[in-house]
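Structure, as structure tokens:
The values are calculated or read from the model by the stated rules, or taken from the named source; none is laboratory data. Please read these numbers as outputs of a predicted model, since none were measured by experiment. Cβ: placed from backbone, ideal geometry, glycine included. Neighbour counts: every protein chain shown.
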Amino acid sequence: MTRLRMVLAVAIVVLLGAALSAQLADKKVITIDLAKQLAAVAEREIARNSFQMFLAIVDESGIPIFVERVNDAQPGSYEVAIAKARTAALYRRPSKVFDDMVRGGATTLLSIPQLTTVEGGVPLMYDGKVIGAVGLSGGSAVQDGAVAQAVADALAGLIRK
């Protein structure tokens, strides 16, 4: 009888485990290795154009995973790069969208917490979902945006490797 109870207990645990795992979603995240690969893309773009920039890669909630100073970028660009990436992650769209809206007169956006309305932050998308974002600062807004977009565009190719 004891053996039968043990077999039943194991069967229940296995069945409960299967039921619980069916309820959990597979969440794709940016690992530090992937962040370094994305940073290498930015580094190449920055070097090719002789820019001086800070690069920030954040997770989907805006927490920094990787931050790098490239070519002795000005210190003030550190916080700005993180803020641009955080905006793109939290609001799930490029920071340029908000830049355009403010330029169009939507100045009430300036009161929204953790919103940076300067081009240079771009979401990192995988399977239609934001898994993080990249932010660049140190060049002009257009230069920052171009490098950030190059990084975002490279994501799919890096994941397939």
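One residue stands out in region 85-113 among those that are in contact with a strand residue (DSSP E or B) (Cβ under 7 Å, 6 or more places away or on another chain) and outside any helix (DSSP H, G or I): the one that is surrounded by the most Cβ atoms within 10 Å (Cβ to Cβ), namely PRO94. The single condition among (1) more than 26 Å from ARG44 (Cα to Cα); (2) touching a Phe, Trp or Tyr at 6+ places or on another chain (Cβ under 6 Å); (3) small (Gly, Ala, Ser) that SER137 does not satisfy is (1).
Listed here are the residues, each with its yes/no results for (1) among the acidic types (Asp, Glu); (2) in contact (Cβ under 8 Å) with a residue 40 or more places away in the chain.
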| position | (1), (2) |
| --- | --- |
| ASP26 | yes, no |
| THR31 | no, no |
| LEU34 | no, yes |
| ALA40 | no, no |
| ARG48 | no, no |
| GLN52 | no, yes |
| GLU60 | yes, yes |
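Determine which member of the set ALA47, ALA73 is touching a Phe, Trp or Tyr at 6+ places or on another chain (Cβ under 6 Å) and either farther than 24 Å from GLN114 by Cβ or among the aliphatic types (A, V, I, L, M) (or both). Steps first, please.
Working: ALA47 fails: touching a Phe, Trp or Tyr at 6+ places or on another chain (Cβ under 6 Å).
Answer to the check: ALA73.
In region 121-145, the qualifying residues are those that are at pLDDT 95 or above and in a loop (DSSP other than H, G, I, E, B), and the one that is farthest from LEU34 (Cα to Cα) is SER140.
Taking the criterion of being of a type in the set (Lys, Arg), under 21 Å from ILE82 (Cα atoms) and out of contact with any strand residue (DSSP E or B) (no Cβ under 9 Å at 6 or more places or on another chain), the only residue of region 20-60 that qualifies is ARG44.
Identify all residues within region 126-161 that are in contact with a strand residue (DSSP E or B) (Cβ under 7 Å, 6 or more places away or on another chain) and either exposed (fewer than 14 other Cβ atoms within 10 Å of the Cβ) or farther than 21 Å from ASP72 by Cα (or both); write none if there are none.
Taking region 126-161 first, the residues in contact with a strand residue (DSSP E or B) (Cβ under 7 Å, 6 or more places away or on another chain) are 130-139, 144, 147-149, 151-152, 155, 159.
Residues satisfying the conditions are VAL130, ILE131, GLY132, ALA133, GLN149, ALA152, LEU155, ILE159.
Looking at PRO94, PRO64 in this structure, which one is under 13 Å from PRO123 (Cα atoms) and of a type outside the set (Phe, Trp, Tyr)?
Going through PRO94, PRO64 in turn, just one is under 13 Å from PRO123 (Cα atoms) and of a type outside the set (Phe, Trp, Tyr): PRO94.
Taking the condition aromatic (Phe, Trp, Tyr), touching a Leu at 6+ places or on another chain (Cβ under 8 Å) and in contact (Cβ under 8 Å) with a residue 60 or more places away in the chain, does PHE98 pass?
Working: aromatic (Phe, Trp, Tyr): yes; touching a Leu at 6+ places or on another chain (Cβ under 8 Å): yes; in contact (Cβ under 8 Å) with a residue 60 or more places away in the chain: no.
Judged against the criteria, PHE98 is not a match.
Within region 60-78, identify whether any single residue is surrounded by fewer than 19 Cβ atoms within 10 Å (Cβ to Cβ), farther than 24 Å from ALA156 by Cβ and among the acidic types (Asp, Glu), and answer yes or no. Looking for residues that are surrounded by fewer than 19 Cβ atoms within 10 Å (Cβ to Cβ), farther than 24 Å from ALA156 by Cβ and among the acidic types (Asp, Glu), one finds at least one in region 60-78, hence yes.
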